[in-house]
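The values are calculated or read from the model by the stated rules, or taken from the named source; none is laboratory data. From a predicted model like this one, the values you see are computed outputs, not experimental measurements. Cβ placement follows ideal geometry from the backbone for every residue including glycine, while neighbour counts extend to all protein chains displayed. Surface areas here come from the heavy atoms of the whole protein model, side chains and all, with no ligands, DNA or RNA. Shrake-Rupley method; radii C 1.70, N 1.55, O 1.52, S 1.80 Å.
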Amino acid sequence: MNNSPSRTPGPTGPRRAPILAAHALSKSYGATEALRGASVELTAGEILALTGASGSGKSTLLHCMAGIVEPDAGAVTYEGRRLDGLPEHARTLLRRTDFGVVFQFGQLIPELTARDNVALPLLLAGVRRQAAEQRADACLERFGVRGQAASRPGELSGGQAQRVAMARALVTEPKVIFADEPTGALDSLASEQVLTALVHTAREAGTAVLVVTHDAQVAAYADREVQLRDGALVPEPAAATATARVAGDEH
Amino acid sequence: MSTEAPTALAPPGPARVLLTDARLATDLLRGAGRREWWRLGLVAFGAFLATCFALAAGTVAAIPDGHPVRYTNGLLNGSGVRPGLVLALVLLLVPVLAFVGQATRIGAVHRERRFAALRLAGATTRQVRTVAALEAGVTCLFGSFAGLVGFLAARAVADSVQRGRSTPVLPTDIPVFWPGFILVTLAVPLLATATGALALRRVAISPLGVFRRTRPPRNLGLYGLVALLLVLGSALAFVGSKPGLLMAAAVPALAAGAVILIGAGAVSAAGASARFLGNRLVGRAQSPALLIAAGRLQADPWAGARVHATVILVTVVGVGFTGIRRIILDEVNTRQYAASDTGFYESGFAAVGLTVLVALAVAVLGLAVGTAESLITRRRALAAQFAAGVPRSVLRRALLLETALPLAPAVLLAGLGGLLIYGAYTAPFGSELPLLQPLLVPVVVYAACLLAAAASLPLLGRALRPAELRHE
């Protein structure tokens, strides 16, 4: 990962206290065990890549850490507070203010313009329309899609839509961004543009990013990479070997 | 960007939340796509019909006993038969409500994805429900307001046409009771809003999607039964306190009870018949079209149950009505009643017959909407089948079979039910029962349903386009 496009400005020095931590999380969907005692920590401003094969439990871990899904066992702590025991309403308010979430696709509301989509979390939080739109425009500018502010999602390219989604995730100036395969539906050029914009903005704002991906190129943007296999974290040396093998296979 | 920002986003007060929700609902309506407009238009049309029927029922109910004006239709003149006419108009709301229910399902997948996106953006479950309920309420308000305007306009036209006639056709001389009219116009959207909110209580809306709760809330059946007993007890106490009302209320109450029971039975029968046929045919089907249709019935036997239930209800009523009409008119003609009596029966049956036809038209329209909705929802799967080599003609036949197969036994049973009512009612006459006309009703209903399903076939062509394969 030394050739990571964004390696330089990551957090340095002794490891700080985590802003978000998952401890021994387990989650099953019927008979399928998605997570089996997975633990992972994220420090403020860190970009962490969560990798693994399809069905390894990456997305479930992200959903649990974002408070979207409740784990069956284990704990999620955010700024020292238990997140997993909070009622649904409190978790929603936390996602509105402190977290931003980006999925592969389908997260923008087709009836609203790009500007309205980005302004939506602010409006839901009670910010006045004009102020919300101004902040949305500034955020769209940051992601290079200010010109598309009046367009609806159906009129945007995949890369533009994903940049609008990122602008929406960052408009409330969250402390943590959760990105689940954010470039999974994009070509390599659009993928690079989206990731560069995300990393640049996150670095500038000191936002921690947890990115789920199965793509080694995407993981290369992260400060650190952890790998999941069958719902559990792969120990670091094994993960490094696995990454090297994947890289070797690709060559 | 500062890292201190989240503290600035404190939860807003209730008034601001409601204002935001209303604004959001308006924005969503403004930005709605073509499919959404179809849904909204059909829901508004349903509200329009419901308002018109309710206002018509209210107008008939407002004719006072001993009213000096005589109308050409005898059903409007007799204080004993008017409640029956009012009930018939109120019962027209049953197919209309089923139609609205079907229309709201258009684009359900798309709407659920939008709900999830709203949750992902930070909306609470309550906010999403409020937005959805407001959307339904505003749509129905447009429809009910159009219904009020349309009803008043039609009333004014009818009044000018029949002015000066000694025996008018319609009761346009009855003054408009504005509080009642406004109440009906507002009640329709309020009811839609409440129904929309209640329907969403059964689903969990998360940022990942919308999930149906499979287990109903505990004790709901018990609470429902207690509420029903309370309502029935109060109604009986009220009716019992006024002896004159007892008989007048008994027949409409019995009829309404029978319709509710038959309706509930019809939904179960339609679903059960679809499941039974699907299970039986899926392993025995010799043709690809039959296999696809049977597989679909087996996978989702309740998909068409609601619409089919309305068709079954109309068939039961239609068969019973046609038979009873034939017997009574024969009786009247044979015994050579006075011309005024013959006119009373003929005009009365014409009015009820028209009501049955309107109910059939609304039910068939609901079926067409349901078939189209099913096609839109499944367009990606259909496009994939077509791309994999399934001929268009096979898919077309499968689509028709999906309607034809479960409806055949359901309509047959409904026809038998109608014949039973007809037989029980006409038993005292002791004469031979004419069967041709009543038996034609299920055939006509079945043919109308197949035509309605066939009307959605042009949509199949669009659903099979390769571009649909890229649809999420």
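Considering only protein heavy atoms and a probe of 1.4 Å, how much of the accessible area of region B:13-212 is carbon and sulfur, as a whole percent? If you can, show how the numbers build up before the last one.
Numbers: 6620 of 9300 Å².
Of all accessible area on region B:13-212, carbon and sulfur atoms account for 71 percent.
Ignoring trypsin sites (Lys or Arg not before Pro) that are buried or in helix or strand per DSSP, and keeping those with at most 16 other beta carbon atoms within 10 Å, what is the longest stretch of chain A between them? The partial results should precede the final answer.
On the way: sites that count: A:R7, A:R15, A:R16, A:R128.
Within chain A, the longest run free of exposed trypsin sites (Lys or Arg not before Pro) spans A:129-251.
Tell me which residues come under 5 Å, amide H to amide H, from A:G100 once H is placed; ignore anything under 5 positions away on its chain.
Distant-sequence amide H within range of A:G100: A:V176, A:I177, A:F178.
Measure nothing fancy, just the Cα-based angle from helix A:236-250's long axis to the longest principal axis of chain A, in degrees from 0 to 90, nearest 10.
The two axes meet at around 70 degrees.
Whenever you get a sec, line up A:Y221, A:Y29, B:Y345, B:Y422 from highest to lowest accessible area (probe 1.4 Å, protein heavy atoms).
A:Y29, B:Y345, A:Y221, B:Y422
Can you give the average number of partner chain beta-carbon atoms within 10 Å of each beta-carbon in peptide A:68-76, as a whole number? Mind showing how you got there, number by number?
Details: counts 5, 3, 0, 0, 0, 0, 0, 0, 0.
For this peptide, the per-residue mean of nearby foreign Cβ atoms is 1.
Output ³J(HN,Hα) for region B:321-328: one whole-Hz value per residue in order, computed from phi by the Karplus curve 6.51 cos²θ - 1.76 cosθ + 1.60 with θ = phi - 60°, and x for Gly and Pro.
In residue order, the calculated couplings are 5, 4, x, 4, 4, 4, 4, 5 Hz.
So for region B:252-472, Kirkwood radius off the Cα pairs, Stokes-Einstein at 4 °C and 1.567 mPa s: how many µm² s⁻¹?
D = 68 µm²/s.
Compute the helix-to-body angle for A:88-97: its Cα long axis versus the longest principal axis of chain A, expressed 0 to 90° and rounded to tens.
Approximately 70 degrees, to the nearest 10.
May I ask you to evaluate 6.51 cos²θ - 1.76 cosθ + 1.60, the Karplus curve with θ = phi - 60°, for each residue of region B:98-108 and list the ³J(HN,Hα) values in order in whole Hz, giving x for glycine and proline?
So the Karplus estimates, Gly and Pro as x, are 5, 5, 4, x, 5, 5, 5, 7, 4, x, 4 Hz.
Around A:R135, what is the net charge, scoring Lys/Arg as +1 and Asp/Glu as -1 over all other residues with Cβ under 12 Å from its Cβ?
Local charge sum for A:R135: +1.
Hey, how much of the P(r) for chain A falls beyond 35 Å, as a percent of Cα pairs?
12
At a 1.4 Å probe radius, carbon and sulfur cover how many percent of the accessible area of region B:252-472?
68
Rank B:G366, B:P438, B:Q298 by how far each Cα sits towards the positive end of the charge dipole of region B:252-472 (+1 on Lys, Arg Cβ; -1 on Asp, Glu Cβ) and give me just the farthest.
So the residue we want is B:Q298.
Per-residue mean of other chain beta-carbon atoms within 10 angstrom of the beta-carbon, peptide A:198-206? Present the calculation step by step, with values, prior to reporting the outcome.
Working: counts 0, 0, 0, 1, 1, 0, 1, 4, 3.
For peptide A:198-206, the averaged partner shielding equals 1.
Find the sum over both chains of the accessible area lost when B and A are paired, probe 1.4 Å, and report it in Å² to the nearest 100.
Roughly 3400 Å².
Enumerate by residue number the trypsin sites (Lys or Arg not before Pro) in region B:114-164 meeting two conditions: DSSP loop (anything except H, G, I, E, B), and at most 15 other Cβ atoms within 10 Å of the site's Cβ.
Working: sites: B:R114, B:R119, B:R126, B:R129, B:R155, B:R163; in loops: B:R163.
Filter output for region B:114-164: B:R163.
Indicate the residues belonging to region B:118-138 that lose 20 Å² or more of solvent-accessible heavy-atom surface (probe 1.4 Å) upon moving from the chain alone to the assembly of all protein chains, ignoring ligands and nucleic acids.
Residues passing the criterion (a loss of at least 20 Å², heavy atoms only) are B:L118, B:R119, B:L120, B:A121, B:G122, B:T124, B:Q127.
Can you work out D for region B:13-212 in µm² s⁻¹ from Stokes-Einstein, where Rh is the Kirkwood radius over C-alpha pairs, the temperature is 4 °C and the viscosity is 1.567 mPa s?
It diffuses with D of about 69 µm²/s by this estimate.
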